[in-house]
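What follows draws every value from the coordinates through simple rules; no lab data is involved. For clarity, every value in this text was computed on a predicted model and none was experimentally measured. Reconstructed Cβ throughout: ideal geometry from the backbone, glycine too, with neighbour counts over all protein chains shown.
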Amino acid sequence: MLSLLLPLISLLFQIQCFTVKSQPVPLNQICSNVTGNFTVNTPYAVNLDRLISSLSSLQSNDNGFYNISVGDSDEKVNAISQCRGDVKPEDCINCIAMAGKRLVTLCPVQKEAIIWYEKCTFRYSNRTIFNRLEIFLHTSITGTRNFTGDRDAWEKSLRGLLEGLKNRASVIGRSKKNFVVGETSGPSFQTLYGLVQCTPDISEEDCSYCLSQGIAKIPSCCDLKMGSYVLSPSCIVAYATWRFYDPVDTDEPSSVVQGDKNRGVPPKALIFAAASVAIVVLLIVFLVVFLRLRRKKKNKNSEHRHENENISTDSMRFDFSVLQDATSYFSLENKLGEGGFGAVYKGVLSGGQKIAVKRLSKNAQQGETEFKNEFLLVAKLQHRNLVKLLGYSIEGTERLLVYEFLPHTSLDKFIFEPIQGKQLEWDIRYKIIGGVARGLLYLHQDSRLRIIHRDLKASNILLDEEMTPKIADFGMARLFDMDHTTQRYTNRIVGTFGYMAPEYVMHGQFSFKTDVYSFGVLVLEIISGKKNSCFSNEDSMEDLLSFAWRNWKEGVALNLVDKILMTMSSYSSNMILRCINIGLLCVQDNVSERPSMASVLLMLDGHTIALSEPSKPAFFSHSNAVSDSSSSLGHNAKTSNYNSNTELYPR
C-alpha cells in the first residue's frame, strides 16, 4: 500500500513546488504614451531603475498604500502602489516588488504605465499622480461564464450590492484602506460577492465618484458575466458568484463576509491540501480536453459561417402569397396604421400565429440585395425591449417586413387617452420607463451594432400582453462606429417635433444623447399623461418641459402628475419625483450634462443613489401647428408603429 502512495505523494509535492514557483499573472496593464517615452541610460531611466529596485525594501504599513518619488525636476519618477485590503503585509511588499519588475518589462519605453494584479496595483509617471483622482487608463476583465436566469433580478441584486459597498467605502477612511467587501442573495439561488476599494489619497467625494463610474461601466463591459473586475488607477470594483477575497478584520461586520475563526489543525489541513491539489490536477486535465474539443468545433463551424447566414436569410423569407392570405389581401379591416414608409396590417398565418406586416411604399426604391442586407442588419437586434422582426418578403416591386404582433398596440393609446389611462397604474408606468431605458442601452452599447434611434416617442413604444415595452420603428435610425464617442452632423433632419433635441433641430448635430433627450421627454409624458407637442397649460402658453421645469424649481413638481395616477393604489410620490428628476436631467440643454443610458438605468434601479439637480432645459414655444408626424416627411398623424426601411449609415 505504501508503494502505491509514494508516487502520489511525490506528484503532490512536485505540483506544490511548481505552484509556489509560478508567477501570478497580471489582470491587465496599460502602457501610456501620453506623457512621452524615454531611452536607456537617460536620467529618467536611471531614476526608474532605482525606484523599482527599492520596492522590495519597503517597510510594511497598516493600509498597504505607498507613494514614492525618485529624482527631481523633469526626470522625476512618481509611483503609487496599493495592495488590496485583505492582503497580508509581507505578501503586499512581494506583490508590489513583482509588479514593478513586471511593468518595466511590459512597458520598456513609456514614462507612464500601470499594472493590476489581484493583490496589488502599481503605477508610475513623470507627472504628479498623488492626491489626484484618476479614472482614465481604465480597463475591465470579465470571466467567460454568463448568467442565464432572470436578467432583471440579476441586475437589481448586483447594483444593490455594489452601490451599498460604494456608499460604505467612501466614508470608511484611510484607517480601513477604503476597502469594503460584502455579499447578497441573487437570483437562481446564487450568492453574489462584491469588492470595492479606493486609493486613500483621494477624498470621500472622489472615491464615491470613481466607484460610481466603475459601476456604471458594468452594463456595457460585463453584461451578465458571473465574475468581473472594473479597474482604474484610483479605484477598483469587482464581483463574482464565489468568494474571491479573504476575511479581513473590520469594525463593520455588515460590510464584509466573516471568515472562519477556527482554523483547522495541521493534520486535517494537510489532508485537505493534498485532496485539493489532486482535484485541481483532474480539473486541469478536463479543461485541456474540453478546450481542444471546443476549438475543433469552432473551426468547423467557422468554415460554414457564410453558408449558414444564407440559410438563415432564406428561412426567414415569406412567400408574398402567404402574406396576402394572412392579411386578407391587405384589406382596410386589417390595417393597423400608416406612416411615411408604408402601411401596417394585422395578419394571421395558417397555423394561427398573429403577425404584423409592414408593406413598404413603392417610393422606398430599394433593390433586392440592398433590402435583404438591411433586413439582416435589423434582424440581428435581439432584445426583450425591442420589437421582434420575424421575416421579410420580396415580390417584384413589393417589399414587406413581418413583425411579431402586439395586441396592446402603442403606448400613446394608453397615456394620452383618459379611459385607457386608467389601466396604467404607477408600477406599470415605472416598468415601461425601465424597459425603454434597457432597450435604448442595448442599442447604444450592448448590441453588436451601436445605433441611434432618432425617433423615440410614445407611438413607437409597443406593448405586449404583460405591458412589456418594445421599441419599434427603426426607419430613421443611424449606425455609429463601435469606437465613435462624439457627435455627428446631418443636413437631413428627421424625427418628430417635441421629441427632437435642440442641437439636432437647429444644427443637425446628433449623438447618443439625442436619444437620451427623447427618452427624457417620454418619461415626463408618461408621468403627466400629456403630449409635449400638444401640451397647453391653462394659465400660460407653456410646453410640457417648461411646465415641468417651473414646477420643479418652485418645489411643486407633483403638479405635473397625471390626475388619474394620483387616485391609484400604487401611487408613490417619492418614486415619481425621482423619475421627474431623471427626466429633467435627460432634457438639459447642455448635451454633455445629459446622462448616458447606463447612468439612467443606475439611477432608476439604485434608489439610494443621490441625483444631481437638473439645469434648465431647452424651451420650444408652443404652436398648434406642430403635429406628431415625421418632420421631414409631412405625412398624416396616423402613424405606423412598425415603421422600417432603416437608414443605417456606417459613416
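Tabulated results
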{"quantity": "Linear extension gain, Ile564 paired with Asn61, 0.36 nm per residue minus alpha-carbon span", "calculated": "174.9 nm"}
{"quantity": "Whether region 139-255 is rounded, prolate or oblate, judged on the alpha carbon gyration tensor where a/c under 1.5 counts as rounded", "calculated": "prolate"}
{"quantity": "Estimated distance in nm for a label pair at Ser276 and Thr144, the labels positioned 7 Å out from Cα along Cα-to-Cβ", "calculated": "2.3 nm"}
{"quantity": "Difference of contour (0.36 nm per residue) and Cα-Cα distance, Asn37 to Asn590", "calculated": "195.3 nm"}
{"quantity": "Ranking of His607, His453 by count of other Cβ atoms within 10 Å, fewest first", "calculated": "His607, His453"}
{"quantity": "Estimated FRET transfer efficiency (Gln190, Lys354; beta-carbon r; R0 30 Å; 0.05)", "calculated": "0.25"}
{"quantity": "Size of electric dipole in region 545-623: Cβ of Lys, Arg +1 and of Asp, Glu -1, about Cα centre, debye, nearest 20", "calculated": "140 debye"}
{"quantity": "Two-site FRET efficiency, Asp464 against Val289, from Cβ-Cβ distance with R₀ of 51 Å, rounded to 0.05", "calculated": "0.70"}
{"quantity": "Extension gain, Ser573 back to Val25 (0.36 nm per residue minus Cα-Cα distance, nm)", "calculated": "192.2 nm"}
{"quantity": "Phi to ³J(HN,Hα) by Karplus 6.51 cos²θ - 1.76 cosθ + 1.60 over region 193-210, Hz, x for Gly, Pro", "calculated": "10, x, 8, 9, 7, 10, 6, x, 8, 9, 6, 4, 5, 5, 4, 4, 5, 4"}
{"quantity": "Vicinal HN-Hα couplings computed from phi for region 584-601 (Karplus, 6.51 cos²θ - 1.76 cosθ + 1.60; Hz; Gly/Pro x)", "calculated": "5, 5, 6, 9, 4, 5, 6, 4, 5, 7, 6, x, 6, 5, 5, 5, 4, 5"}
{"quantity": "Protection proxy ranking of 398-404, 570-576, 612-618, 347-353 - average other beta-carbon atoms within 10 Å, highest first", "calculated": "398-404, 612-618, 570-576, 347-353"}
{"quantity": "Region 25-125: C-alpha gyration tensor shape, a/c 1.5 cut-off, then a/b vs b/c", "calculated": "prolate"}
{"quantity": "Sequence of Asp86, Asp72, Asp223, Asp427 once ranked by neighbouring C-beta atoms within 10 Å, starting from the fewest", "calculated": "Asp72, Asp427, Asp223, Asp86"}
{"quantity": "Euclidean distance of C-alpha centroids, region 439-476 and region 54-70, integer Å", "calculated": "52 Å"}
